[in-house]
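Before any comments, here is the structure.
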Amino acid sequence: MAGIGFELRKILARDSYTATLRAYVYAGLISSGPWVLSIISVMLIGVLATGIVTPNVLIRQFLVTVTYLMASSLILTGGLQLYFTRFVSDRLFEEKQTSILPNLVGILLLVTLVAGGLGFVLLATLFDQPFAYRLLVLANFVTLCDLWLVIIFLSGMKAYNRILVVMTLGYAIMIAAAFMLRFLGMNGLLMALLLGHAALLFMFLYDIIREYPADRLVAFDFLDRKQIFLSLLVTGLFYNLGIWVDKFVFWFNPLTSDAVIGPLRASILYDLPIFLAYLAIIPGMAVFLVRIETDFAEWYERVFNAVRGGETLQHISQLKEQMILAIRQGLLEICKVQGLTLVLVFLLAPQLLAWLGMSHYYLPLFYIDVVGVSIQVVFMALLNVFFYLDRRDTVLMLCTLFLGLNLALTLLSIELGPSFFGYGFTVSLACCVLLGLHRLDRVLDDLEYDTFMLRH
Amino acid sequence: MKDAPAATVTPDVCLLLEGTWPYVRGGVSSWVNQLILGLPELTFSVFFIGGQRENYEKRHYAIPPNVVHIEEHFLAGSWVPKGAPISPRRQAPVQLLRDLHAFLHHPDEPSAAQGDALVDAFAQGSVTLDDFMYSRASWEAITEGYERYCTDPSFVDYLWTLRAMQAPLLMLAEAARRLPRPRMIHSISTGYAGMLGAILQRRWGCNFLLSEHGIYTKERKIDLAQAKWIAEGPDEALRTGLDVDVSYIRRLWIRFFERIGLLTYKAADPIISLYDGNRRRQIQDGADPARCRVIPNGISLTQWQDALERRPEGVPPVVGLLGRVVPIKDVKTFIRAMRGVISAMPEAEAWVVGPEDEDEEYAAECHSLVTSLGLEGKVKFLGFQKIGDILPKLGLMVLTSISEAQPLVILEGWAAGVPVVSSDVGSCRELIEGSIPEDRALGTGGSVVAIADPQATARAILALLRNPGRWQAAQRTGLARVNRYYTEPLMLERYRELYQDAIGRSL
């Protein structure tokens, strides 16, 4: 994410309220944009379809299909996203820009084939829906998988206005298409989704191709043994599984779920609050990106330039203290902003739910989910710091713990009854953040020893 | 790394060789070769220490049958971390690591007991390479030394310097654990080989003999003074050459070699040098005078018998400099001296006998000096020649070197009946004028003049060439001296005695 820090710093350097606001808007857009905008768009599509696509169960089937598409595509590509991000930044560091695009083409080819093959097998064996539905689901699945990989490049792009335009355009196409195709029922909505995501995918690809020169059409350097960080693949997989495992538990527990379409099950009770809750992380994510990518990244660079540049140990330690301060302030600021958001959401939640036509029975679950996703922002910030410090082992440990705890505590919460729903997710994240903070403390304490004696 | 099968017989002598035999041609290597071949009744094991493997690809000497074991170890790379160990596998010895640093790197003069404890730790293997490279205790010892003493800013440089010093020592100490146990140890230098000798002596409890040709520590100091790889701070370039202003990294290296040299001197008995000047130097560097002895190099006289017999009557008016055309031989002073000689004695000629390809720029300067002094046709560059063919044609041999230890060429000249005029370097004065009283009583085998003094050199040359009586006396003295003190059998006999004594004491 080297590019974004630089750009954000440039905007912040203008030192005015509007500039600062712009920096945070961009950061929010880039960090949570595709994810949050997707949720909003899909919900909007649901609203648009109401009354046109009948019976209403079809809309629910559509929403659940989309949820599964999101979950499965993110889980499948999570590891690759992490791994390919690292691959790209390594190439940029080596100043081998020309090998980036061919490898992107290579990895997209691979993902398309794997996702297509896997989707084909699953759809052929587990589903008995009409051919058109299955074909559209397959197309959507492959498109999403590719899109998640292309989105890595967002933070490296310099033309932020362009990102804004592309995103607006993509989601506008999706909604407009849904409006026009809704008479086709479920297939029309799926087609709109496909059109929107495909538009995003190809517009971003177009920008990337324009920005990165290439010496070959396609390359598979990223598959070279020595360049593969297996741990990154596993980390990404576990992280995304961790995010979704509590949902799967609820979906496949007969008590909390019902069958919606084909083998897909959903939990009316559990799903809606958590997806709504995710809208509340936008402020936190924006702060996270700005703080980590500007302040922290800047001090981090200074520390390691001092290490390489032959500075005195005392000076290196002083810079490290500044870096620690930047981390502390960053985390604190995320907590402040996210805390404020939390208070607002708590205050407004009853009206919000009433406005959305949701029962107030959802309120407790919604509250705990908002707390959970807020902690998730802190968790992501921590993981990012660990990635900067090249503590892949710690990230893997935390993600594994998160997956395990979320699974175990969610199962336990179902045992304990409805008033504990959502606690599995939130408590497991809280545990991971506490442990992560503890580890970070140790890592930062030992930074010099670790850097010089074990990694130098 | 082992080459010969593990010794089935106990080797009599374990030779510790740093950067010499059998890989490098040169004075020390041919001496080692002479020693091994000359004492066929003894068996040897060889532990060779090199810098980088790439620099030692070809052996220049055949391995004699009495070398029963040979292994080689290379220092380069031992200080490169092999990737972080997963977890601290053992508790590193905190105090020991601190003592190790204090002894090797800190400016305060260490005590003998500290050195003793250090050798013990190495011998018992209570400090490992991993302890030094990765342990927290080692980190604390390093940072403590850096914060208290280091005056250079760069911590990275300090760390790598320490690694480049200590890691080879620990690597060697660990590698030598698998070495077959000999009856005694013989190291041919201080430095890493000498330090290893001290460690192995402690481990095996046998006798440790040290022979030094040059003075290792002094040579390292000269290397370090010229080393370009040590980064010069911007201030350092502006400073004068005062010792306190030398970069701390340079001082660390010098201190390190001094300290391991000291440990070697404390352990070795006897300590052999080639001539008295070096013996005094060893004592000055911390060697016990009671243990120091001089054993000069020896040459095989039969080899030069023929050259002596082929000598024509009288004194050929030819002056020869036998050596490579390089600055250290100061060929220019020789040429300038010949200007004076030829002015006074027009029939005289000068021959420069030796390869010119090592420093072509310097060789070209020498040629143009000959032209500018109008000595064309009088000073001839003969290139590489067989010395045996040249010596009978020379009336005098001249050595103008600015640095020598014990030049064999002087002994060879004498053996072939040629008196020598030499600059006053290394053992040259001892050789030409004699060292002990009965040696001095033999007279002088030529003349000794100050270095870089063409006038004095010319006067000394003329005095011998134009005075047959003096010349004949010098020839007689040279022949007698080389026969009495500097023969190969004599050198071998002395070492045979030392070996037998050391092995006997070990039993």
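Tabulated results
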item: Unique match (being farther than 24 Å from A:SER359 by Cα and open to solvent by 60 Å² or more (accessible area, probe 1.4 Å)) among A:GLU311, A:GLU293; result: A:GLU311
item: Check on B:GLN303, outside the structural domain of B:GLU404 (by the TED database) and either at pLDDT below 95 or in contact with a helix residue (DSSP H, G or I) (Cβ under 8 Å, 6 or more places away or on another chain) (or both); result: no
item: Selection status of A:LEU331, buried (at least 19 other Cβ atoms within 10 Å of the Cβ), modelled with pLDDT under 90 and touching a helix residue (DSSP H, G or I) at 6+ places or on another chain (Cβ under 7 Å); result: no
item: Residue within region A:157-171 that is touching a Ser or Thr at 6+ places or on another chain (Cβ under 8 Å) and either open to solvent by less than 20 Å² (accessible area, probe 1.4 Å) or not in a helix (DSSP H, G or I) (or both) present; result: yes
item: Residue list for region B:40-67, restricted to those being in contact with a Leu (Cβ under 6 Å, 6 or more places away or on another chain) and either in a loop (DSSP other than H, G, I, E, B) or assigned by the TED database to the domain that holds B:LEU408 (or both); result: B:GLY51, B:PRO64
item: Any hit, region B:393-405, residues being of a type outside the set (Phe, Trp, Tyr), in a helix (DSSP H, G or I) and open to solvent by less than 10 Å² (accessible area, probe 1.4 Å); result: no
item: Pairs where the first residue, in region B:186-199, is farther than 14 Å from B:THR20 by Cβ and the second is part of a loop (DSSP other than H, G, I, E, B), C-beta under 8 Å, 6+ apart; result: B:GLY197/B:ALA268; B:ALA198/B:ALA268
item: Helices (runs of 4 or more DSSP H) enclosed by region B:418-472 - at least 2 residues per element that are more than 25 Å from the chain's Cα centre (by Cα) and within 12 Å of B:LEU399 (Cα to Cα); result: B:454-465
item: Residues located in region B:316-344, provided they are outside any loop (DSSP other than H, G, I, E, B) and in contact with a Cys (Cβ under 8 Å, 6 or more places away or on another chain); result: B:VAL331, B:LYS332, B:ILE335
item: Hits in region A:316-328 - residues which are within 13 Å of chain B (Cβ to nearest Cβ) and either open to solvent by 40 Å² or more (accessible area, probe 1.4 Å) or free of Cβ contacts under 8 Å to residues at least 24 places away in the same chain (or both); result: A:GLN318, A:LEU319
item: For B:ALA176: the one exception among (1) modelled with pLDDT under 90; (2) open to solvent by less than 10 Å² (accessible area, probe 1.4 Å); (3) out of contact with any helix residue (DSSP H, G or I) (no Cβ under 7 Å at 6 or more places or on another chain); (4) within 30 Å of B:PHE44 (Cα to Cα); result: (3)
item: Pick from region B:138-160, criterion open to solvent by 10 Å² or more (accessible area, probe 1.4 Å) and more than 8 Å from chain A (Cβ to nearest Cβ), ranking: farthest from B:HIS106 (Cα to Cα); result: B:TRP160
item: From A:THR85, A:THR67, residue being open to solvent by 30 Å² or more (accessible area, probe 1.4 Å), hydroxyl-bearing (Ser, Thr, Tyr) and part of a helix (DSSP H, G or I); result: A:THR85
item: Selection count where residues are surrounded by fewer than 17 Cβ atoms within 10 Å (Cβ to Cβ) and away from chain B (no Cβ under 14 Å), scope region A:440-456; result: 1
item: Which numbered condition A:ARG392 fails, given (1) modelled with pLDDT of 90 or more; (2) within 14 Å of chain B (Cβ to nearest Cβ); (3) surrounded by 15 or more Cβ atoms within 10 Å (Cβ to Cβ); result: (1)
item: Residue satisfying all of: in region A:221-278; of a type in the set (Lys, Arg) and under 30 Å from A:HIS360 (Cβ atoms); most open to solvent (accessible area, probe 1.4 Å) among these; result: A:ARG265
item: Some residue of region A:261-278 being closer than 30 Å to A:ILE414 by Cβ, part of a helix (DSSP H, G or I) and without any contact (Cβ under 8 Å) to a residue 60 or more places away in the chain; result: yes
item: Given (1) more than 14 Å from every other protein chain (Cβ to nearest Cβ); (2) touching a Phe, Trp or Tyr at 6+ places or on another chain (Cβ under 8 Å), index of the condition A:LEU313 fails; result: (1)
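The values are calculated or read from the model by the stated rules, or taken from the named source; none is laboratory data. These numbers come from a predicted model, not from an experiment. Heads up, the Cβs are rebuilt from the backbone with ideal geometry, glycines too, and the neighbour counts pull from every protein chain shown. Note: accessible area is taken over every heavy atom of the protein model, side chains too, but ligands, DNA and RNA are not part of it. Shrake-Rupley method; radii C 1.70, N 1.55, O 1.52, S 1.80 Å.
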